[in-house]
Amino acid sequence: RRQVITVYAPLDEAERASLLDDSAVLARAEAAAAEFCAMVPGSEQGLREVRVFRRGHAMPMTTVGFVTRLQPASAADLPPVYFAASDSAGEISDLAYAALNGIAAAEKALLRL
């Protein structure tokens, strides 16, 4: 039976620039796979893929300015790319925000056609 294991590993702000370096990201993925296989003996036979998401999950951090400064910056459009996640809009991550942001992103994209 196929299974997916998700691990969230936030980086300190000073380390985040390393995500722009492909070789550093590959090394990080290889290290994560090795660490996982060390913790779960026998898993190396079943491990088929490691994905590293550079944008990541905008998981709220308990820091001053998250909702007023960091969250709006992470939701900023980068035309022609428009983000539609619920994590970077509103104070909570939920389906309603995801739907509203999806509609708004689609409308912006349609205007560029």
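Taking the residues in region 1-21 that are surrounded by 11 or more Cβ atoms within 10 Å (Cβ to Cβ) and charged (D, E, K, R) as candidates, determine which candidate is modelled with the lowest pLDDT.
Kept after step one, since they are surrounded by 11 or more Cβ atoms within 10 Å (Cβ to Cβ), are these residues of region 1-21: 10-11, 15-16, 18-19, 21.
Keeping just the survivors that are charged (D, E, K, R) gives 15-16, 21.
On the way: 15: 90, 16: 87, 21: 94.
Ranking the qualifying residues of region 1-21, first place goes to 16.
Of everything in region 35-46 that's exposed (fewer than 11 other Cβ atoms within 10 Å of the Cβ) and in a helix (DSSP H, G or I), which residue is modelled with the highest pLDDT?
If we filter region 35-46 for residues that are exposed (fewer than 11 other Cβ atoms within 10 Å of the Cβ), which is where we start, we get 38-39, 41-42, 45-46.
Adding the requirement that they be in a helix (DSSP H, G or I) leaves 38-39, 45.
On the way: 38: 93, 39: 90, 45: 88.
Checked region 35-46; the qualifying residue modelled with the highest pLDDT is 38.
With 89, 109, 99, 24 as the choices, which residue is out of contact with any Ser or Thr (no Cβ under 6 Å at 6 or more places or on another chain), exposed (fewer than 15 other Cβ atoms within 10 Å of the Cβ) and either in a loop (DSSP other than H, G, I, E, B) or on the phi < 0 side of the Ramachandran plot (or both)?
Values: 89 fails: exposed (fewer than 15 other Cβ atoms within 10 Å of the Cβ); 109 fails: exposed (fewer than 15 other Cβ atoms within 10 Å of the Cβ); 24 fails: out of contact with any Ser or Thr (no Cβ under 6 Å at 6 or more places or on another chain).
None of the others qualify; the one that does is 99.
Could you check region 62-86 and list, in sequence order, the residues that are part of a helix (DSSP H, G or I), of a type outside the set (Phe, Trp, Tyr) and at pLDDT below 80?
Residues of region 62-86 part of a helix (DSSP H, G or I): 66-74.
From what is left, the residues that are of a type outside the set (Phe, Trp, Tyr) are 67-74.
Of everything in region 62-86, those that are part of a helix (DSSP H, G or I), of a type outside the set (Phe, Trp, Tyr) and at pLDDT below 80 turn out to be 67, 70, 71, 74.
The values are calculated or read from the model by the stated rules, or taken from the named source; none is laboratory data. In this text, all values refer to a predicted model and were calculated from it rather than measured experimentally. Cβ: placed from backbone, ideal geometry, glycine included. Neighbour counts: every protein chain shown.
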